[in-house]
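As structure tokens, the structure follows; a few thoughts come after it.
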Amino acid sequence: SLSEIEYPQEAHIDGYAFEGSLWQEERDKGKFRIRGSLLLEGRGNEGPVVEIPYGITEIDDYGGLPGPTMLERSGVKYEQAILPDTLVKLGTGSFRDVWVVKVNIPDGIKSISRYAFSISEIQEIDLPEGIKTIEDSAFYDSDLKAIDIPDSVEVIEDGAFMECASLSEITIP
């Protein structure tokens with residue numbers, strides 16, 4: 001019957017610490033599968049904007065590529081994905097094969113992971129100062145049109161923007 005938990009923004013809660021609690025069920029709300037502060041899966045929502053719940057620190061890896069994506073591709077095209085300020089890690093393939101047009105990356109993210117936005121309809125992405133690495137195939141075969149790389153980026157790995165046929169403007173400091 002545990003229904004409410006208060007914890008600091010930066011706290012990490014292990015995956016199944018509160019499994020089976022009312023609090024866990026309320027957090028999921030049928031749209032997500034969340035364990036602790038880890039987002040395992042997104043199931044989408046009705047509107048044009050999908051908002052990842054506050055308190056999520058990581059989006060799980062989908063290392064067995066090709067595999068499931070963060071949001072089911074059920075014919076819904078999202079205009080924007082809102083990521084919480086608490087997020088510090090995008091897992092491998094987080095938004096792979098997802099129909100989302102715009103994403104603002106929060107300040108806590110230091111790396112755009114492998115395949116994070118590959119084969120997606122992402123067109124706009126705002127990268128904060130503080131990003132250090134854009135990993136292998138991060139935007140592979142996406143619909144990205146333009147990107148402004150912040151001064152903080154130290155490494156852009158092989159294939160990061162490979163097959164981005166729509167990419168017409170890139171600013172590298």
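Summary of values
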item	result
Every residue from the range 98-119 that is open to solvent by less than 10 Å² (accessible area, probe 1.4 Å) and at pLDDT below 90	Val98, Val100
Glu135 charged (D, E, K, R) and farther than 16 Å from Leu83 by Cβ	yes
Any hit, the range 137-159, residues being in a strand (DSSP E or B), within 14 Å of the chain's Cα centre (by Cα), surrounded by 14 or more Cβ atoms within 10 Å (Cβ to Cβ) and modelled with pLDDT of 95 or more	no
The range 1-34: number of residues that are at pLDDT 80 or above, open to solvent by less than 30 Å² (accessible area, probe 1.4 Å) and among the charged types (D, E, K, R)	0
Evaluation of Ile122 against (1) open to solvent by less than 30 Å² (accessible area, probe 1.4 Å); (2) within 11 Å of the chain's Cα centre (by Cα) (one fails), failing number	(2)
Where a residue in the range 75-97 is modelled with pLDDT under 85 and open to solvent by less than 10 Å² (accessible area, probe 1.4 Å) and its partner, wherever it lies, is assigned to a strand (DSSP E or B) and not acidic (Asp, Glu), with Cβ under 9 Å and at least six apart	Tyr78/Val49; Tyr78/Val50; Tyr78/Leu71; Tyr78/Val100; Tyr78/Val101; Tyr78/Lys102
Test: residue in the range 113-127 that is within 16 Å of Ile172 (Cβ to Cβ) and part of a loop (DSSP other than H, G, I, E, B)	yes
Single unsatisfied condition, Ile131 versus (1) over 17 Å from the mean Cα position of the chain (by Cα); (2) part of a loop (DSSP other than H, G, I, E, B)	(1)
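The values are calculated or read from the model by the stated rules, or taken from the named source; none is laboratory data. Only a predicted model underlies this, so the values are computations on that prediction, with no experimental measurement involved. All Cβ positions, glycine included, derive from the backbone under ideal geometry; neighbour counts span all protein chains shown. The area values use the complete protein model at the heavy-atom level, side chains included, leaving out ligands, DNA and RNA. Shrake-Rupley method; radii C 1.70, N 1.55, O 1.52, S 1.80 Å.
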